[in-house]
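The values are calculated or read from the model by the stated rules, or taken from the named source; none is laboratory data. Because the structure is predicted, anything quoted here is derived from the model rather than measured. All Cβ positions, glycine included, derive from the backbone under ideal geometry; neighbour counts span all protein chains shown.
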Amino acid sequence: MTAAEWTAVAAIYREGIATGHATFAAFPPATYAEWSKSKITGSSVISRNAQGEITGWACLSPVSERCVYAGVAEVSVYVRESARGQGVGDALMNELVARSEVAGIWTLQAGIFPENVSSLALHRRHGFREVGRRERIGKMTHGPLAGQWRDTLLLERRSMVAGRD
């Protein structure tokens with residue numbers, strides 16, 4: 001992913017935000033530079049359709065600055081509304097997992113709203129398991145569920161490659 005692709009990436013992010021079931025964020029960061037400063041370098045991927053249009057994106061973010069958590073990252077996967085159900089999420093997740101293992105990341109985690117059944121299914125297909133439920137972890141500030149407390153499910157995937165020594 002590059003700065004030149006940020007407009008399309010941000011548009012897909014806004015589509016996810018509009019559903020009320022993708023993120024607590026009310027809007028994407030203003031710039032690629034702002035967005036990328038909280039991501040693991042080299043972990044961001046995009047997918048394109050046959051016409052070259054960006055159909056989805058995925059990235060990894062560190063969960064902590066503490067050195068003991070250097071091998072733990074949070075996963076984000078977003079697919080353009082018109083491309084959902086076409087295998088884009090699976091392709092993005094495959095690439096993200098591969099990149100994470102090359103980078104030595106031994107645990108991937110995701111916080112997902114229980115209502116986001118397609119995201120839960122995607123993560124489970126790629127080896128994630130539910131490890132907990134965070135009840136009333138945050139209150140929505142925007143969208144159709146503004147003002148409501150929300151739960152998130154915590155899922156994790158342990159690498160069979162990285163962190164085994």
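Filtering region 1-53 down to residues that are modelled with pLDDT under 90 and among the aliphatic types (A, V, I, L, M), which residue is farthest from residue 118 (Cα to Cα)?
3
How many residues does region 145-161 hold that are surrounded by fewer than 17 Cβ atoms within 10 Å (Cβ to Cβ) and either out of contact with any Pro (no Cβ under 7 Å at 6 or more places or on another chain) or polar (S, T, N, Q) (or both)?
Of the residues in that region, 9 qualify.
Which of (1) surrounded by 18 or more Cβ atoms within 10 Å (Cβ to Cβ); (2) more than 22 Å from residue 153 (Cβ to Cβ) does residue 58 not meet, given it meets every other one?
All conditions pass for residue 58, except number (2).
Just a yes or no: is a residue in region 79-88 touching a strand residue (DSSP E or B) at 6+ places or on another chain (Cβ under 6 Å), in a helix (DSSP H, G or I) and closer than 16 Å to residue 36 by Cα?
no
Considering only residues of region 63-78 that are assigned to a loop (DSSP other than H, G, I, E, B) and not β-branched (Val, Ile, Thr), which is farthest from residue 15 (Cα to Cα)?
66
For residues in region 141-165 being aliphatic (A, V, I, L, M) and at pLDDT below 95, which is nearest to residue 85 (Cα to Cα)?
In this case the residue turns out to be 145.
Does residue 43 meet the test of being free of Cβ contacts under 8 Å to residues at least 40 places away in the same chain and outside any helix (DSSP H, G or I)?
When the stated conditions are applied, residue 43 does not pass them.
Inside region 110-144, can you point out the residues that are of a type in the set (A, V, I, L, M), in a strand (DSSP E or B) and surrounded by 11 or more Cβ atoms within 10 Å (Cβ to Cβ)?
Once the filter is applied, which keeps residues that are of a type in the set (A, V, I, L, M), in a strand (DSSP E or B) and surrounded by 11 or more Cβ atoms within 10 Å (Cβ to Cβ), region 110-144 yields 110, 112, 137.
With respect to residue 85, is the statement that it is surrounded by 18 or more Cβ atoms within 10 Å (Cβ to Cβ), touching a Ser or Thr at 6+ places or on another chain (Cβ under 9 Å) and modelled with pLDDT of 90 or more true?
No.
So, residue 164, is that one within 20 Å of residue 70 (Cα to Cα), buried (at least 16 other Cβ atoms within 10 Å of the Cβ) and basic (Lys, Arg) or not?
Considered against the rule, which asks whether it is within 20 Å of residue 70 (Cα to Cα), buried (at least 16 other Cβ atoms within 10 Å of the Cβ) and basic (Lys, Arg), residue 164 comes out as no.
Between residues in region 81-109 that are at negative phi and residues that are outside any loop (DSSP other than H, G, I, E, B) and basic (Lys, Arg), which pairs lie under 6 Å by C-beta distance while being six or more apart or on different chains?
107/158; 108/157
Okay, residues lined up against (1) of a type in the set (Lys, Arg); (2) at pLDDT 95 or above; (3) closer than 25 Å to residue 7 by Cα:
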position	(1), (2), (3)
71	no, no, no
75	no, yes, yes
104	no, no, no
114	no, yes, no
129	yes, yes, no
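Can you confirm whether residue 18 is in contact (Cβ under 8 Å) with a residue 40 or more places away in the chain and either closer than 17 Å to residue 89 by Cβ or in contact with a Leu (Cβ under 8 Å, 6 or more places away or on another chain) (or both)?
No; evaluated as a whole, the condition is false for this residue.
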